[in-house]
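J.: Shown below is the structure under consideration.
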Amino acid sequence: MRDILRKWHDRVRNEKVWRRTGQKPVEGEIKMRRRRWIGHTVRKPHNNITRQALQWNPQGNRVRDRPRETWERCVEREMTMMRKRWGHLGKLAQDRSGWHLLMRGLYPAKG
């Protein structure tokens, strides 16, 4: 659209668009879904491949560059933001009502 018009004078901040449309920011939605998935995965048995993938550590050398953003690092950062550790998170996730309360506290519903 911008290519067709060649000029784009009207600039609107993302926050204003989200407020007008009633949408949540994409980053918040991704974090919420990731945390829900973590709870779902931690409730699975220890021999489940999905649960094993959370703690998988690939071996081998990497190229010299900035380390890639891995799922494990992302999950660890999420847990740090939640102020939780793996052991406590696993126990909390086993109690679905406790897990849902935690998620509801982190992401309150819009009123």
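Just so it is clear, none of the values below were taken in a lab; they were calculated from the coordinates. Remember, predicted model here, so these are calculated numbers, not experimental data. Virtual Cβ from ideal backbone geometry, glycine too; neighbours counted across all protein chains shown.
J.: Starting from residues that are surrounded by 10 or more Cβ atoms within 10 Å (Cβ to Cβ) and without any contact (Cβ under 8 Å) to a residue 24 or more places away in the chain, keep the ones in the stretch 65-77 and report whichever is nearest to K31 (Cα to Cα).
T.: R77
J.: Right, here's the next one. Can you list residue pairs whose Cβ atoms sit under 9 Å apart, with the first residue in the stretch 10-27 being of a type in the set (S, T, N, Q) and the second being surrounded by 10 or more Cβ atoms within 10 Å (Cβ to Cβ)? Count only pairs 6 or more apart in sequence or on different chains.
T.: That search, which allows pairs on different chains as well, returns N14/P25; Q23/V17; Q23/E29.
J.: Among the residues in the stretch 46-64, are any touching a helix residue (DSSP H, G or I) at 6+ places or on another chain (Cβ under 6 Å), touching a residue at least 12 places away in the same chain (Cβ under 8 Å), more than 18 Å from K31 (Cα to Cα) and surrounded by 12 or more Cβ atoms within 10 Å (Cβ to Cβ)?
T.: no
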